[in-house]
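This report refers to the structure that appears directly beneath it.
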Amino acid sequence: MTNEEPNVHADRRDAAIAGHRGDPDEARRFLSSADDRVRATALGALQRIGALDPADLRDGLNDPSSRVRRRAVSIAAHHPHVEIRQLLADHDHAVAEVAAWSCGERTDAPDVQVVVPDLIAMASGHEDPLCREAAVAALGALGDERAVDAILAGLTDVPQIRRRAALALAPFEGPAVTAALEAATSDRDWQVRQAAEDVLGR
């Protein structure tokens, strides 16, 4: 353990305690910490208090640390007026995955119509399967008809994405959707079969 480690641990503790005590001034001072773990904890503390300013959140979304960006974009699920679309293309796949999840939680976001094509592109072509899965789930949550083809394509992906795609089809109707779900009831993965049967109401 370096000499700096005890200070980092103490700062993270103090930032977290400020969140539990309802002390936004104390929590906010840790946003400028040189350590990304402390900054991420401070964001969470301010969110807990309900004192996270949009400017603080935007700074977190643009932080050079992927740890902070990931925490910020997760928190942004509760702040639909702060734009997060750019993080769907983050070079850190873990950040992009959480950004997709967050988009699916923000059904009332002003940019919800704009973000759908980005989620479709992620679901259809992202190299990371966790990102594709998160995008498929978000598209199902948003229920935009433009997403149907991308979700149907997910039924040909790896098992966890096929399961997610079956569930994501729940808001949609039509012969193609029904046929795809019927086919999925014979999938080699039992969880995919169960998901399809659940959506079909069996």
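The values are calculated or read from the model by the stated rules, or taken from the named source; none is laboratory data. Predicted, not measured: the structure shown is a model, and the values here were computed from it. When we count neighbours, we look across all protein chains shown, and the Cβ atoms used for this are built from the backbone with ideal geometry, even at glycine.
Condition test on residue 37, is it under 22 Å from residue 84 (Cα atoms), surrounded by fewer than 20 Cβ atoms within 10 Å (Cβ to Cβ) and modelled with pLDDT of 95 or more?
Values: under 22 Å from residue 84 (Cα atoms): yes; surrounded by fewer than 20 Cβ atoms within 10 Å (Cβ to Cβ): yes; modelled with pLDDT of 95 or more: yes.
Judged against the criteria, residue 37 is a match.
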Filter region 72-120 down to residues that are among the basic types (Lys, Arg), crowded, with 20+ Cβ neighbours inside 10 Å and under 23 Å from residue 153 (Cα atoms), then give me how many there are. 0
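Residue 89 - would you say it is more than 11 Å from the chain's Cα centre (by Cα) and under 26 Å from residue 36 (Cβ atoms)? Walk me through how you get there before you give the answer.
Details: more than 11 Å from the chain's Cα centre (by Cα): yes; under 26 Å from residue 36 (Cβ atoms): yes.
Criteria met by residue 89.
Give region 20-51 a look and list any residue that's farther than 17 Å from residue 68 by Cα and touching a residue at least 12 places away in the same chain (Cβ under 8 Å), or say none.
Residues of region 20-51 that are farther than 17 Å from residue 68 by Cα, as a first pass: 20-26, 49-51.
Across region 20-51, the qualifying residues are 20, 22, 23, 24, 26, 49, 51.
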In region 121-152, how many residues are under 26 Å from residue 175 (Cβ atoms), in contact with a helix residue (DSSP H, G or I) (Cβ under 6 Å, 6 or more places away or on another chain) and not hydrophobic (A, V, I, L, M, F, W, C)? 6
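In this structure, does residue 64 turn out to be within 19 Å of residue 87 (Cα to Cα) and surrounded by fewer than 21 Cβ atoms within 10 Å (Cβ to Cβ)? Spell out the reasoning first.
Numbers: within 19 Å of residue 87 (Cα to Cα): yes; surrounded by fewer than 21 Cβ atoms within 10 Å (Cβ to Cβ): yes.
Taking the combined requirement at face value, the residue satisfies it.
May I ask you to list the residues in region 154-174 that are of a type outside the set (Val, Ile, Thr), over 15 Å from residue 199 (Cβ atoms) and surrounded by fewer than 18 Cβ atoms within 10 Å (Cβ to Cβ)? Break it down stepwise before answering.
Step one: filter region 154-174 for residues of a type outside the set (Val, Ile, Thr), giving 154-155, 157, 159-160, 162-174.
Restricting the remaining residues to those that are over 15 Å from residue 199 (Cβ atoms) gives 157, 159-160.
Within region 154-174, 159, 160 meet the criteria.
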Residue 72 fails exactly one of (1) part of a helix (DSSP H, G or I); (2) under 14 Å from the mean Cα position of the chain (by Cα); (3) farther than 17 Å from residue 28 by Cβ, namely (3)
Subset tally (residues that are surrounded by fewer than 19 Cβ atoms within 10 Å (Cβ to Cβ) and either closer than 14 Å to residue 177 by Cα or of a type in the set (Ser, Thr, Tyr) (or both)) for region 121-143: 2
Going through (1) at pLDDT 95 or above; (2) of a type outside the set (Asp, Glu); (3) surrounded by fewer than 17 Cβ atoms within 10 Å (Cβ to Cβ) one by one, residue 202 fails only at (1)
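Across region 21-51, what is the total count of residues that are assigned to a loop (DSSP other than H, G, I, E, B) and either within 19 Å of the chain's Cα centre (by Cα) or on the phi > 0 side of the Ramachandran plot (or both)?
Filtering region 21-51 for residues assigned to a loop (DSSP other than H, G, I, E, B) gives 22-23, 33-35, 50-51.
Narrowing the set further to residues that are either within 19 Å of the chain's Cα centre (by Cα) or on the phi > 0 side of the Ramachandran plot (or both) leaves 22, 50.
Summing the residues that are assigned to a loop (DSSP other than H, G, I, E, B) and either within 19 Å of the chain's Cα centre (by Cα) or on the phi > 0 side of the Ramachandran plot (or both) in region 21-51 gives 2.
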